[in-house]
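Heads up, the thing below is written out as structure tokens.
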Amino acid sequence: MNITQAIKMAIKSILSNRGRSMLTMLGIIIGIASVMTIVSTVNGSNLEMQKYYESLGTNKINESAYEWNNKVIFDELYDYCDSLSVYVLGVTHNATFGAIVVYGNKSSANMGGGGMYYGGGMAVSMDGGGGGMDNVYPPQLYFGSDQYAICNNFQIAQGRDLSKIDIDSYGQVCVLGARAAQTFFDYADPVGKEIQVNGNPFLVIGVYAEKDPDSDWSMDNIIVFPYTASRLLAPDQQMSEF
């Protein structure tokens, strides 16, 4: 049997069993389309994850260091790393905590991210806090040192960063990520304005440059406070170092 005869027999078989042939073709098409969709989704997720970790930097070490018998060890760790400034760029707390942030008529309690809970940053309800800003994700709140930015590869776009004086003086100041600044202040300049955090006033001294413009759940959606403010905002929370 030559190739021509084989093709003719195949066509004749298909035409004589059109229903079965269509179902077979449909199964093959759906199977291939499903595999392509899954592969594309996985590749896209991998690229997003790779982009995220690249933005975090490749020169960082995570360390867990806790208070023992009410002894604060971060200052000792800070001084030690400062003595190694040739090798160590910086050290900071990297602890999150929960609080309600308010500016004007905007409150994190009314942010729900489209009905999805965004953990870590604040206390929010699953339905957006009774209906306020359902499509806005509440920012995550961090305690950091004056070296938080360099440890997390942030650059200041407006105002200034946290300073050692802010840390030592228990300053009630904060620095906003680009997404958090847009959420609370729209297009106005937030520097020099006060936000309320659990009812306590905190002065906005700076805004970080945007790092992740394509994501609502982004690392730009943060607010950073001096770690010494934990005595006011989270007095019972243990913090890990970074």
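The values are calculated or read from the model by the stated rules, or taken from the named source; none is laboratory data. Given the structure is predicted, the values throughout are model-derived calculations rather than measurements. Note that we place each Cβ from the backbone using ideal geometry, even for glycine, and neighbour counts take in every protein chain shown. Accessible surface areas use protein heavy atoms only, side chains included; no ligands, DNA or RNA. Shrake-Rupley method; radii C 1.70, N 1.55, O 1.52, S 1.80 Å.
Please sort 151-159, 8-16 by packing, taking for each peptide the average over its residues of neighbouring beta carbons within 10 angstrom, highest first.
Details: 151-159: 17.1, 8-16: 10.4.
In decreasing order of mean packing, 151-159, 8-16 become 151-159, 8-16.
So if each residue of separation counts as 0.36 nm, and I subtract the Cα-Cα distance between Asn17 and Arg231, what length gain in nm does that give? Walk me through the numbers before you get to the answer.
On the way: separation 214, 0.36 × 214 = 77.04 nm, distance 7.85 nm.
Using 0.36 nm per residue and subtracting the Cα-Cα distance, I get 69.2 nm.
Roughly speaking, what is the centre-to-centre gap between the range 169-195 and the range 20-51 when only Cα atoms are used, to the nearest Å?
44
With a 1.4 Å probe and all protein chains kept in place, how do Met49, Met219, Met111 rank by accessible area, largest first? The partial results should precede the final answer.
Working: Met49 95, Met219 25, Met111 0 Å².
If we order Met49, Met219, Met111 from most to least accessible, we get Met49, Met219, Met111.
What is the spin-label model distance, in nm, from Ile150 to Ile29 if the labels are put 7 Å beyond Cα along the C-beta direction?
Output for this residue pair reads 6.1 nm.
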